[in-house]
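Only one structure is covered here, and it is reproduced in the block below.
The values are calculated or read from the model by the stated rules, or taken from the named source; none is laboratory data. Note that the coordinates shown come from a computational prediction; the quantities given were computed from them, not determined experimentally. Cβ coordinates were reconstructed from backbone atoms using ideal geometry, including for glycine residues, and neighbour counts include every protein chain displayed.
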Amino acid sequence: ETPCADPHAGCCGGWGLETPGYPIGPDATTCAVIAAVVVPLSAGNPELHWQLTIVMTVMMGGWCLLASKFRLGALADLLSHPILTGLLNGVAVTIIVGQLGKVLGITLDEEQVIEKIIALPGRLSEIHLLTLGISILTLAILIAIKTFRSQWPAPLIAIVITTALVWITSAQQYGIATIGGSGFQSGLPVVHWGSFQPGLARDLLIPALNLALVSFVSLMLTARSFAAKNGYEINADAEFRALGVANLMSGLSQGFAISGADSRTAVNDSTGGKSQLVSVVAALIIGIVVVFFTQPLPFIPVSALGIVLIYASWSLIDLRGLWNLRRRNKPAFRLAFFTFGCVLIIGVIQGIGLAVLLGLLQFLRTVFRPTEHLLGIDENGMIHSLGNSTDVKMIPGVLMYRFNSPLTYFNVAYFKRRVLNLVDGAVLQPKWVVIDAVSCFTYSDISVLATINELKRDLKGRQIKLILAGRKTELTRWFKESRPTMKDDDMILAPDLYLALRFIQSKESMSDGESGVVE
């Protein structure tokens, strides 16, 4: 029996993270990554298989602590709200579909969710009625307790009742699938290290890093989804550190690598778990059961566990909220729906990877080609965007422009083209072009400063003065650093838009002298 299936593997997984109510332990993704590395190296030796798994778990914990030290938890910020919305719905549907075969007593060997859904109608004739009966009984118990005694632990009661029923009636002989088998042994496992070759640890170093990244992403996906649902904040660096500590403890106690688990979190959330104490109590109970009470475990019906997971996951589905994004923000809706579809079609980790990539492309598109506004003043002399109100008018001879993105080397050429196109397309050519520098000049970029000098030159050829309004102190320093010999009258820097307009008014009313800087 491999460590993936060892019932003792996750004893230390009950230790909670910084996130309240978020249990951790072995999950399918962790098992898959470890198996891909350990199985070839162990060459069929169960003892070596276990040893390599423990070493890899400890290494994973070390990588997580190192990442926390360098504050790499910021990687989790790539998970935007639309991605989390699509993820939560996708994970819920994935859990539900994954349990349908178990609650109906049929075999669904297909790996992906869509494949299972397509195959399900053709297998309905194979439904095992007694298994379906256990499932219906479990669901009835859950609904009844939720309705009449909502504070009671409904999943625990349902599992105890159905397990007792299977035990008393020997239902296994009638085809009721249970988690049983001969692999349940009381006591804690012991691994012998005398035959282990330390040189093998080198082959686990990089795979352990990959495992740490996959586990952290998986953990943060579920943690942030439930944080958004329940209204609390996530400290990604603290989660990285806690994941590292938990894996070190698991490895040093001969356990298995652990990560976040969406199904356990869904059950915990549905039963009202709110703090890390849930995980601590769960760890203690698991330890007691593993040492002293393994005899009833083989009689737990698989269909009852499946119903508990489906019941918990059902509350996570919010397709209406997903659809409501379509009315509020179509790009966000497209990203959320794309995430939802990817999770169902290709799996959680791969789907989230594609969704994050799409989100980054959407962001880059926003930065490459941001929104823009022409500005004017109302009857009270307040500056507003044109089009927001019929009372806002352009100032004759002045073109005020706002570019709603930081200027960088990859969008400054577009910015320059837009300004010149607006100038050339104006009915009456302006004498002044005023740029709102607050929204677009956020840091010094040599490409941006060089292009602004080109824009100033092109406008000067059209007999137009350029004014940058806002960030006067920073812009003065940046331009002096890039062009120490720049003349004061080459470009006018104003503290804000209102002082820029006041400067223009004074210059229009005066014919003598011209100052290049507004005080």
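Scan the range 292-304 residue by residue and report those that are assigned to a helix (DSSP H, G or I), in contact with a strand residue (DSSP E or B) (Cβ under 7 Å, 6 or more places away or on another chain) and over 25 Å from S250 (Cα atoms). Within the range 292-304, F299, V302 qualify. Given the criteria in a helix (DSSP H, G or I), over 29 Å from H49 (Cβ atoms) and at pLDDT below 85, does A238 qualify? No: the conditions fail for A238. Answer yes or no: is there a residue in the range 370-378 that is of a type in the set (V, I, T), surrounded by fewer than 15 Cβ atoms within 10 Å (Cβ to Cβ) and within 33 Å of the chain's Cα centre (by Cα). Within the range 370-378, one or more residues are of a type in the set (V, I, T), surrounded by fewer than 15 Cβ atoms within 10 Å (Cβ to Cβ) and within 33 Å of the chain's Cα centre (by Cα).
Is there a residue being modelled with pLDDT of 75 or more, surrounded by 20 or more Cβ atoms within 10 Å (Cβ to Cβ) and within 23 Å of the chain's Cα centre (by Cα) anywhere in the range 38-60? Yes, the range 38-60 contains a residue that is modelled with pLDDT of 75 or more, surrounded by 20 or more Cβ atoms within 10 Å (Cβ to Cβ) and within 23 Å of the chain's Cα centre (by Cα).
Among residues of the range 387-404 being surrounded by fewer than 14 Cβ atoms within 10 Å (Cβ to Cβ) and more than 23 Å from K507 (Cα to Cα), the one that is modelled with the highest pLDDT is N404. Failed condition for L354, given (1) aliphatic (A, V, I, L, M); (2) in contact with a Phe, Trp or Tyr (Cβ under 9 Å, 6 or more places away or on another chain); (3) under 30 Å from L428 (Cα atoms); (4) surrounded by fewer than 18 Cβ atoms within 10 Å (Cβ to Cβ), with all others met? It is condition (3) that L354 fails.
In the set G359, G341, G351, G397, which member is at positive phi and among the small types (G, A, S)?
G397
With respect to R417, determine if the residue is touching a helix residue (DSSP H, G or I) at 6+ places or on another chain (Cβ under 7 Å) and basic (K, R). Here the answer is no, as R417 does not meet what is asked.
For the range 469-519, a residue qualifies if it is β-branched (V, I, T), touching a strand residue (DSSP E or B) at 6+ places or on another chain (Cβ under 8 Å) and modelled with pLDDT under 75, and the qualifying residues are V517, V518.
Return yes when L466 is out of contact with any Ser or Thr (no Cβ under 9 Å at 6 or more places or on another chain), at pLDDT 90 or above and not β-branched (V, I, T) and no when it is not. When the stated conditions are applied, L466 passes them.
The rows are residues; the columns are (1) part of a helix (DSSP H, G or I); (2) out of contact with any Lys or Arg (no Cβ under 6 Å at 6 or more places or on another chain).
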| residue | (1), (2) |
| --- | --- |
| I286 | yes, yes |
| V290 | yes, yes |
| G306 | yes, no |
| G359 | yes, yes |
| R365 | yes, yes |
| L374 | no, yes |
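Scanning the range 223-260 for residues that are without any contact (Cβ under 8 Å) to a residue 40 or more places away in the chain and out of contact with any helix residue (DSSP H, G or I) (no Cβ under 8 Å at 6 or more places or on another chain) returns a single hit, G231. Answer with yes or no whether L200 is at pLDDT 75 or above, surrounded by 13 or more Cβ atoms within 10 Å (Cβ to Cβ), in contact with a Leu (Cβ under 7 Å, 6 or more places away or on another chain) and over 30 Å from A312 (Cα atoms). Taking the combined requirement at face value, the residue satisfies it. Taken together, the residues in the range 317-332 that are of a type in the set (D, E, K, R) and over 19 Å from V93 (Cα atoms) amount to 4. Of the residues that make up the range 77-98, is at least one modelled with pLDDT of 85 or more, within 30 Å of G272 (Cα to Cα) and either over 29 Å from the mean Cα position of the chain (by Cα) or in a loop (DSSP other than H, G, I, E, B) (or both)? Looking for residues that are modelled with pLDDT of 85 or more, within 30 Å of G272 (Cα to Cα) and either over 29 Å from the mean Cα position of the chain (by Cα) or in a loop (DSSP other than H, G, I, E, B) (or both), one finds none in the range 77-98, hence no.
If you go through the range 195-210 and pick out every residue that is farther than 18 Å from F70 by Cβ and either under 16 Å from the mean Cα position of the chain (by Cα) or not polar (S, T, N, Q) (or both), you end up with 9. For the criterion of being touching a Gly at 6+ places or on another chain (Cβ under 6 Å), farther than 20 Å from G180 by Cβ and buried (at least 17 other Cβ atoms within 10 Å of the Cβ), A283 passes. Selection of the range 136-182 for residues being loosely packed, with under 13 Cβ neighbours inside 10 Å and more than 37 Å from the chain's Cα centre (by Cα) yields A164, I168, T169, S170, Q173, Y174, G175, G181, S182. Given the condition modelled with pLDDT of 85 or more and in contact with a strand residue (DSSP E or B) (Cβ under 7 Å, 6 or more places away or on another chain), answer yes or no: does some residue in the range 353-368 qualify? No, the range 353-368 contains no residue that is modelled with pLDDT of 85 or more and in contact with a strand residue (DSSP E or B) (Cβ under 7 Å, 6 or more places away or on another chain). Among the helices (runs of 4 or more DSSP H) confined to the range 385-463, the ones with at least 1 residues that are polar (S, T, N, Q) and touching a residue at least 24 places away in the same chain (Cβ under 8 Å) are located at 437-440, 446-461.
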